[in-house]
Amino acid sequence: MTSAALDIVALDRIAVHESLRVVELAQEADWERDTPCAGWTLRQLVAHMAAQHHGFAAAARGAGSVAAYWREPEDMSEPGRTYRGAATAVLAAFAEPGAAGREFVLPELGGAFPGRMAVGFHFIDYVVHAWDVAATLGVGLDLPGHVLDAAVAVARLVPTDPAGRGPGFAFAPVLDVPVGAGPLEEALRLLGRAPEKWPLPGGRGSSRTSDRKEV
């Protein structure tokens, strides 16, 4: 595994840990809250997040073309527990020797991709989804500056063609990035999120430092 591959796997692990931390802050009354993902409650969002973890874990092991791995869990009565299991599965798969050097089949993206690129897709998705959950709950994120800088770099590479953005696609259309925007806000707006509609503690698109549970 190259040093570059190790970097993206490490970045992804931080993002997944943070997504897990904020998911586990949710209380029973929170699961039916609306989220920045239009039309999805927090329970539905976490079901999607869990399904993507299992799908990417399968892809890392050469089974990404098997549709069953990408299906949302049928039992979402304990979303936090279900999500922890999914996060554990994908982190274990990505940590296997040579994982980032393999080819990942990602049906939702239309084919096969080099492993490092595929892990990069997963990484940016979970930076954004960690924010989605945090915004829903009204809490801040604990993502280090180098992780947010990497997220912006990846977000700038996501195709902006309107034909591939919006309902039915991974991201909404690009939003204008105001002068002076921080890295989190820029990444979110490049991927169609409007952080000013979901103010977090400390200001728009803020981040904060807190303890993070390990998987």
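The values are calculated or read from the model by the stated rules, or taken from the named source; none is laboratory data. What you see is a predicted model, and the numbers here were worked out from it, not measured in a lab. Heads up, the Cβs are rebuilt from the backbone with ideal geometry, glycines too, and the neighbour counts pull from every protein chain shown. Note: accessible area is taken over every heavy atom of the protein model, side chains too, but ligands, DNA and RNA are not part of it. Shrake-Rupley method; radii C 1.70, N 1.55, O 1.52, S 1.80 Å.
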task = Sort out which residues of the stretch 80-138 are β-branched (Val, Ile, Thr) and either touching a Cys at 6+ places or on another chain (Cβ under 7 Å) or surrounded by 17 or more Cβ atoms within 10 Å (Cβ to Cβ) (or both), and write them in order of number.
result = Thr82, Val90, Val105, Val119, Ile124, Val127, Val128, Val133, Thr136
request  = All but one of (1) in contact with a His (Cβ under 7 Å, 6 or more places away or on another chain); (2) of a type outside the set (S, T, N, Q); (3) assigned to a loop (DSSP other than H, G, I, E, B) hold for Met76, so report the exception by its number.
outcome  = (1)
Flag for Ala63 being outside any helix (DSSP H, G or I), open to solvent by 10 Å² or more (accessible area, probe 1.4 Å) and modelled with pLDDT of 95 or more = yes
query = In the stretch 66-79, which residue that is open to solvent by 60 Å² or more (accessible area, probe 1.4 Å) and without any contact (Cβ under 8 Å) to a residue 24 or more places away in the chain is nearest to Glu24 (Cα to Cα)?
reply = Glu78
key: From Trp31, Trp40, residue being free of Cβ contacts under 8 Å to residues at least 40 places away in the same chain and either among the aromatic types (Phe, Trp, Tyr) or open to solvent by 10 Å² or more (accessible area, probe 1.4 Å) (or both)   = Trp40
Filter result (small (Gly, Ala, Ser) and outside any helix (DSSP H, G or I)) within the stretch 172-199 = Ala172, Gly180, Ala181, Gly182, Gly192, Ala194
ask   = Quick one: is Leu141 of a type in the set (A, V, I, L, M, F, W, C), modelled with pLDDT of 95 or more, under 28 Å from Trp31 (Cα atoms) and surrounded by 13 or more Cβ atoms within 10 Å (Cβ to Cβ)?
value = no
query = Across the stretch 169-204, what is the number of residues that are modelled with pLDDT under 60 and farther than 15 Å from Pro36 by Cα?
reply = 3
